[in-house]
Amino acid sequence: MTLTTGTRTTAAPATGTRPMVEVRNAHKRYGALEVLKGIDLTVDRGRIIAIIGPSGSGKSTLLRAINHLETLNDGEIFLDGVQVNAPLSGAAFERHINAVRQQMGMVFQHFNLFPHLTVAQNVTLAPMLLKGMKTAEARDLARGLLDKVGLADRMDTYPSRLSGGQKQRVAIARALAMEPKVMLFDEATSALDPELVDEVNLVMKQLAAEHMTMLIVTHEMRFAGEVADRVLFMDGGVVVEEGPPDEMFRAPRQERTRGFLRKYL
Ligand code: ADP
Ligand code: MG
């Protein structure tokens, strides 16, 4: 991953070297409150970026904007060279954004599983609905993905019977079912009891080993250090500092970063 700061004017390079995710000059306001004040970031294919920063710094807003759950006031977002917030309107934009969203998996702090569906049904819903996948094929897909997250034996269980860690692993399997180009994690382990954190982090590490492109908002500095290629520190709607984890954690350059990390390291 490389992070661009300042104005970026060059077009994306040829296929293959084109970034998987690119955010250019992202601005977001809620009324008078400016939450993103010109964010630039580039995530190359197969790279993992951890986003850290205090509560209210705009981390969730940034992830949600990448997925177009929030609309930017200014700036552009690209997924694999395609502009997510494309200048389209009405039905044309709806078609566009639905297609783009299918290529991004998002995992939230609260698992948002469908409580009335079984684990397998949670995983197969999107591929069946959106890709027209047949039941048997979808179930095979679900079995494979649930096996990957260690829950193949819970296919026909309802979410209410699962622990938080298990629910979050189902949420990850569900996101993977659409074969996303990027996975976005917003504090995926923050709501979990401490003893359940590792099993979810382990799944993310596995995805990292398989070269999944990931943006991970986390408060776990140790995990960020283990999994991320680069760490980005946000505060007050700007990227204060970014760098490889060993540099960021051992020798942060900015006082604001030092102040934040002091509370965690
Ligand atoms: P973080 O994830 O880093 O904690 P957020 O992106 O959730 O930060 O929030 C950044 C700021 O934007 C906070 O001050 C928050 O209160 C504000 N905010 C977030 N969503 C909304 C909203 N829908 N309406 C108004 N303010 C919001
Ligand atoms: Mg948040």
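Derivation of every value follows stated rules applied to the coordinates shown; laboratory data play no part. All of these numbers come straight from a predicted model, not from anything done at the bench. Every residue, glycine as well, gets a Cβ built from its backbone with ideal geometry; the counts of neighbours run over all protein chains shown.
Checked against a 21 Å cut-off, the cross-linked pairs Lys148/Lys205; Lys205/Lys263; Lys59/Lys148; Lys28/Lys59; Lys59/Lys131 give Cα-Cα distances beyond that limit for Lys205/Lys263; Lys59/Lys148; Lys59/Lys131.
Average 1/r across all pairs of distinct alpha carbons in region 162-265, invert it, and you get the Kirkwood radius: 14.7 Å. Taking each DSSP H run with n ≥ 4 as -39500 (n - 2.57) and averaging over every residue of the chain yields -11000 deg cm²/dmol at 222 nm. Tell me which trypsin sites (Lys or Arg not before Pro) from region 129-210 have a DSSP coil assignment and no more than 12 other beta carbons within 10 Å of their own. For trypsin sites (Lys or Arg not before Pro) across region 129-210 that sit outside H, G, I, E and B with at most 12 neighbouring Cβ atoms in 10 Å, the list reads Lys134.
For Val21, the residues 5 or more places off, or on other chains, whose built amide H falls under 5 Å of its own are Val43, Asp80. What's the long-distance tail for region 124-218, i.e. % of Cα pairs beyond 24 Å? Tail of the P(r) past 24 Å holds 20 percent of the pairs.
Near Glu70: Cβ cut-off under 11 Å, other residues only, Lys/Arg at +1 and Asp/Glu at -1. The net charge is +3. Converting phi to 3J(HN,Hα) with the Karplus coefficients 6.51, -1.76 and 1.60 and the offset θ = phi - 60°, region 251-256 yields 9, x, 8, 9, 4, 4 Hz in sequence order, with x at every glycine or proline. Near Asn85, the amide H atoms lying under 5 Å from its own belong to Ile77; only residues 5 or more places off or on other chains count, and H is placed 1.01 Å from N. Take every Cα pair under 8 Å whose residues are at least 6 apart in sequence, average their separation, divide by the length of region 151-205, and the relative contact order is 42 percent. Stokes-Einstein diffusion of the chain at 37 °C, 0.692 mPa s viscosity, Kirkwood radius from Cα pairs, rounded to a whole number: 172 µm²/s.
Taking amide hydrogens as placed 1.01 Å from N in the peptide plane, the amide H of Leu113 sits under 5 Å from that of no residue at least 5 positions away in sequence or on another chain.
Across region 69-78, computed HN-Hα scalar couplings (Karplus, 6.51 cos²θ - 1.76 cosθ + 1.60, θ = phi - 60°) run 7, 10, 9, 6, 7, 7, x, 10, 10, 10 Hz from first to last residue, x flagging Gly and Pro. Rounded to whole numbers, the Karplus 3J(HN,Hα) couplings from phi for region 109-118 are 4, 9, 5, 6, 6, 7, x, 8, 10, 5 Hz, using 6.51 cos²θ - 1.76 cosθ + 1.60 with θ = phi - 60°, and x at Gly and Pro.
Each other residue within a Cβ distance under 14 Å of Leu117 adds +1 if Lys or Arg and -1 if Asp or Glu, for a net charge of +4. The relative contact order of the chain comes to 24 percent, based on Cα pairs under 8 Å that sit 6 or more residues apart.
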